[in-house]
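Engineer: First the structure, then my questions, so here it is.
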Amino acid sequence: MSSTKRSPWLLLVSLLVYGFLYAPIIVLIVFSFNASRTNVMFEGIVNQGPCGPFYWYCQLFRNRDVLDATRNTLVIALTSTIISTIIGTMAALALQRFDFFGKRASETALYFPIVTPEIVMGIGILVLFSAAFGWLNSLLALAPAQRLTMGLGTVIISHIAFSIPFVTLVVRARLHGFDNRLEEAAMDLGANELITFRKVTLPLIAPGVLAGAMLAFTLSLDDFIITFFTTGPGATTLPIYVYGLLRRVVTPEVNALSTIWILVVLVVVGISQWFQTRE
Amino acid sequence: MAEYAVELRNVWKRFPGPGNEAVTAVKDVSLKIADGEFFALLGPSGCGKTTSLRMIAGFELPSEGEIFLHGRPMGKTPPYQRPINTVFQSYALFPHMTIGENIAFGLQMKKIDKQETRRRVGEALEMVRLTGYERRRPKQLSGGQQQRIALARALVNRPEVLLLDEPLGALDLKLRKEMQLELKKLQREVGITFIFVTHDQEEALTMSDRIAVMEGGVALQVGNANDIYEHPTCRFVADFIGDTNFLVGTIGVQEPHQARVELAGGVGLWAHTPQPVRQGQPVTVTVRPEKMHIRPTATDVNVLTGRVSDIVYIGTDTHYGVTLSGGQRIRVREQNYSVESRLLAREGEMVNVRFSIEAARVLTE
Ligand SMILES: Nc1ncnc2c1ncn2[C@@H]1O[C@H](COP(=O)(O)OP(=O)(O)OP(=O)(O)O)[C@@H](O)[C@H]1O
Ligand SMILES: [Mg+2]
């Protein structure tokens, strides 16, 4: 290593920054093993029932609400990831290869939601859905039981909407420097547009598409604000559920749930990183 | 009916340019390329060579005109339905496939069975002398090897026509020369029509049966190497192919196929007139430097007097720069036959520059 003397301050500041970032997570994990029902004091590691120190984790899996919320969260995340990845990738390809009127404007418009405050988006989507549903319900004169309401569908649609720009951004980064001659070469050798896409374009941009999908998945998994505005009865997701719990009492169950969640996100982000850096 | 492998009939290509102006890349090009011919499209950068090739391959559609393949009009036929293959300048080998998979790609598209595919891939690799490279990746090959794989990937399909867009452009000079000969030999062996794009006139002259010289989207002249070099029809072709001298003057006395051209300073010369000219018409005469002599020879009708301004010795030849009495400058190339390179004149000396009528050609455009 180099013999340059490093300032001890640099080390201190680094430790502080990392400490500040990771302390809450560590506390959270530690308290998921707490013997006490509250998150105020750590009263030793819980050892109760057949699960021992993982008592709160087992409690979690006996909780119907948690299981429902988990199922909803996964359904929303998977559906919105698949659809937003397809649309976002197509948008990225179109922006890369075509020159059309209003290209710059549509590109800016595509990325704008990324910088828009989420709460603004959330309220906007809520207003849009209420207005549209109100209008459709009265137009079609639907019976109360058939009325269009907020629920899983609206959450999925809004998650698709906010994921698309992120997918497009990631795929476009991958497409940068993509050699269109490769597609021409495939067509020259007898592959039609579809086969060319499947055998040449897709394999070459796959790392970017997968990274985009992972990003969309994690975004959907932990989204609170937009989900909060667009969810309805029977469509509670994990973030919404945890928020509901917090308003009552914070038991180590919440910590256990959060710990599992962190692990899942970590794995997904890890995979996405691996894909993005891979040649 | 004489059928050509490829025929371009009054083909135009316009691209939308900046603003509302269209860029015309190809202007009214008509070409007839015979079966089994090695045909070169030669011209400076931006003259429309690649665009012409891309229209034949089907990557671009002509704005006007029609392209025929063995008499069949191509119309809007997509590239994957044309029995044509292309060797790209950048090779465009698929980086995510092995060499074997790259070469097999076209055969797979034609649904040729596995065994036959394997056999033909092996054959193709043998043809480009890279047997045993099936499992490598394109990145693990040198530029010259990639070039040969690109060639194998195209030829394995036995296309009716092979298009090559400056396929040797990225190679160093020595390899380039080697590949030129190899490519020519290969073309003779397989007997496939080659259309070869290059901006290197020497490459075009060495390799091709016939050459189309292009400039500004126009095919100025089509002919074999000898035609293009010895009988250029316009100033651009004479200038682009090899070295030449241009002498500007006006037409004087005329005889069949030849005329007296009066130059500045009261001197004149006799020159061949391939096209009809009229008396007093301003023209340019082209004379190749190697066809001008300082040493006396038998056939020289034309004699111009001038002062030697510079002498350059380049081994095989010695170049003499001569300023004529009318002020025009010409270059004379004398071959060095003998070992002692005896100078025929010294700088500043007055000399007579001699050449035949046939060596001087009147260009009207
Ligand atoms: N897709 C396009 N859009 C607009 N203009 C184009 C397009 N393709 C080519 N041109 C223009 O057409 C002209 C001819 O281009 P072309 O690529 O055929 O030249 P070239 O002879 O192959 O040149 P080079 O030797 O540099 O490859 C150029 O002026 C170029 O700018
Ligand atoms: Mg070109």
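Engineer: From the list B:GLU340, B:GLU347, B:GLU334, pick out the single residue that is free of Cβ contacts under 8 Å to residues at least 24 places away in the same chain and either open to solvent by less than 40 Å² (accessible area, probe 1.4 Å) or part of a loop (DSSP other than H, G, I, E, B) (or both).
Structural biologist: The unique qualifying residue is B:GLU340.
Engineer: Can I ask one more? For segment B:88-118, enumerate the residues that are at the interface with another protein chain (Cβ under 9 Å from one of its Cβ atoms) and part of a loop (DSSP other than H, G, I, E, B).
Structural biologist: B:PHE88, B:GLN89, B:SER90, B:TYR91, B:ALA92, B:LEU93, B:PHE94, B:PRO95, B:HIS96, B:MET97, B:LYS110
Engineer: Select from segment B:15-42 the residues that are within 14 Å of chain A (Cβ to nearest Cβ) and either within 19 Å of B:GLN221 (Cα to Cα) or more than 10 Å from ligand 1 (Cβ to nearest atom) (or both) and write down the one among them that is modelled with the lowest pLDDT.
Structural biologist: Only one residue tops the list, namely B:GLY19.
Engineer: Please identify the pairs in which a residue from segment B:54-68 that is free of Cβ contacts under 8 Å to residues at least 12 places away in the same chain has its Cβ atom under 7 Å from the Cβ atom of a residue that is of a type outside the set (Val, Ile, Thr), counting only partners at least 6 apart or on another chain.
Structural biologist: The qualifying pairs are B:ARG54/B:GLU60.
Engineer: To continue, here is another question. Tell me whether segment B:78-87 contains one or more residues that are open to solvent by less than 30 Å² (accessible area, probe 1.4 Å), within 14 Å of chain A (Cβ to nearest Cβ), touching a residue at least 60 places away in the same chain (Cβ under 8 Å) and of a type outside the set (A, V, I, L, M).
Structural biologist: Yes.
Engineer: Return the pair list, or none, for Cβ contacts closer than 8 Å from residues in segment B:36-48 that are closer than 16 Å to B:LEU205 by Cβ and acidic (Asp, Glu) to residues that are more than 12 Å from ligand 1 (Cβ to nearest atom) and open to solvent by 20 Å² or more (accessible area, probe 1.4 Å), at least 6 apart or on different chains.
Structural biologist: Going by the 8 Å Cβ cut-off, the qualifying pairs are B:GLU37/B:ASP209; B:GLU37/B:ARG210.
Engineer: What number goes with the only condition from (1) more than 14 Å from every other protein chain (Cβ to nearest Cβ); (2) surrounded by fewer than 18 Cβ atoms within 10 Å (Cβ to Cβ) that A:GLU193 does not pass?
Structural biologist: Evaluating A:GLU193 over (1) more than 14 Å from every other protein chain (Cβ to nearest Cβ); (2) surrounded by fewer than 18 Cβ atoms within 10 Å (Cβ to Cβ) leaves (1) as the failure.
Engineer: Of everything in segment A:23-39, what is among the small types (Gly, Ala, Ser) and in a helix (DSSP H, G or I)? Give them in sequence order.
Structural biologist: Within segment A:23-39, A:ALA23 is the sole residue that qualifies.
Engineer: Out of all the residues in segment B:1-26, which are surrounded by fewer than 21 Cβ atoms within 10 Å (Cβ to Cβ) and under 21 Å from B:GLU166 (Cβ atoms)?
Structural biologist: B:PHE15, B:VAL23, listed by residue number.
Engineer: Which residues, counting only those in segment B:43-66, are more than 15 Å from ligand 1 (Cβ to nearest atom) and touching a Pro at 6+ places or on another chain (Cβ under 8 Å)?
Structural biologist: B:GLU66
Engineer: Do any residues in segment B:156-182 that are more than 25 Å from B:GLY46 (Cα to Cα) and more than 16 Å from ligand 1 (Cβ to nearest atom) have Cβ atoms under 6 Å from those of residues that are of a type in the set (S, T, N, Q) and not in a loop (DSSP other than H, G, I, E, B), where the two are at least six apart or on different chains, and which pairs are they?
Structural biologist: Going by the 6 Å Cβ cut-off, the qualifying pairs are B:ASN157/B:ASN85; B:PRO159/B:ASN85.
Engineer: Oh, and also: Mind counting the residues in segment B:16-58 that are part of a loop (DSSP other than H, G, I, E, B) and away from ligand 2 (no atom under 16 Å from the Cβ)?
Structural biologist: Going through segment B:16-58 one residue at a time, the tally reaches 10.
Engineer: Further question on the same structure: Only one of these conditions is not met by B:THR50: (1) open to solvent by less than 10 Å² (accessible area, probe 1.4 Å); (2) of a type in the set (Ser, Thr, Tyr); (3) within 14 Å of chain A (Cβ to nearest Cβ). Which number is it?
Structural biologist: Single failed check for B:THR50: (1).
Engineer: Let me ask something additional. Out of (1) open to solvent by 80 Å² or more (accessible area, probe 1.4 Å); (2) modelled with pLDDT under 90; (3) of a type outside the set (D, E, K, R), what's the single condition that is false for A:PHE20?
Structural biologist: Result: A:PHE20 fails condition (2) only.
Engineer: Can you find a residue in segment B:128-139 that is in a loop (DSSP other than H, G, I, E, B), within 13 Å of chain A (Cβ to nearest Cβ), without any contact (Cβ under 8 Å) to a residue 60 or more places away in the chain and over 29 Å from the mean Cα position of the chain (by Cα)?
Structural biologist: The answer is yes; a qualifying residue exists.
Engineer: In segment B:176-203, which residue that is more than 16 Å from ligand 2 (Cβ to nearest atom) and within 14 Å of the chain's Cα centre (by Cα) is farthest from the other protein chains (Cβ to nearest Cβ)?
Structural biologist: So the residue we want is B:GLU202.
Engineer: Among the listed residues B:VAL277, B:VAL248, B:VAL283, identify the single one that is in contact with a Ser or Thr (Cβ under 7 Å, 6 or more places away or on another chain), assigned by TED's automatic domain parsing to the domain that holds B:SER356 and in a loop (DSSP other than H, G, I, E, B).
Structural biologist: B:VAL277
Engineer: Now for a different question. Closer than 30 Å to A:PHE100 by Cβ, of a type in the set (Lys, Arg) and at pLDDT below 95 - does that describe any residue in segment B:60-75?
Structural biologist: no
Engineer: Now, a different point. If you go through segment B:143-170, how many residues are away from chain A (no Cβ under 14 Å), over 18 Å from B:MET97 (Cβ atoms) and away from ligand 2 (no atom under 16 Å from the Cβ)?
Structural biologist: 2
Engineer: In segment A:219-241, what residues are open to solvent by 20 Å² or more (accessible area, probe 1.4 Å) and at negative phi?
Structural biologist: Of everything in segment A:219-241, those that are open to solvent by 20 Å² or more (accessible area, probe 1.4 Å) and at negative phi turn out to be A:LEU219, A:ASP222, A:PHE224, A:ILE225, A:PHE228, A:PHE229, A:THR231, A:PRO233, A:THR236, A:ILE240, A:TYR241.
Engineer: With respect to A:THR201, determine if the residue is touching a residue at least 60 places away in the same chain (Cβ under 8 Å), crowded, with 16+ Cβ neighbours inside 10 Å and out of contact with any Ser or Thr (no Cβ under 9 Å at 6 or more places or on another chain).
Structural biologist: It is true that A:THR201 is touching a residue at least 60 places away in the same chain (Cβ under 8 Å), crowded, with 16+ Cβ neighbours inside 10 Å and out of contact with any Ser or Thr (no Cβ under 9 Å at 6 or more places or on another chain).
Engineer: Would you check if there is a residue in segment A:73-81 being within 30 Å of A:VAL249 (Cβ to Cβ) and either free of Cβ contacts under 8 Å to residues at least 12 places away in the same chain or touching a Pro at 6+ places or on another chain (Cβ under 9 Å) (or both)?
Structural biologist: yes
The values are calculated or read from the model by the stated rules, or taken from the named source; none is laboratory data. Since the structure is predicted, the reported quantities are computational estimates derived from the model, not experimental observations. Because the Cβ atoms are built from the backbone with ideal geometry, glycine has one as well, and the counts that use them run over all protein chains shown. All accessible areas refer to the heavy atoms of the entire protein, side chains included, with ligands and DNA or RNA removed. Shrake-Rupley method; radii C 1.70, N 1.55, O 1.52, S 1.80 Å.
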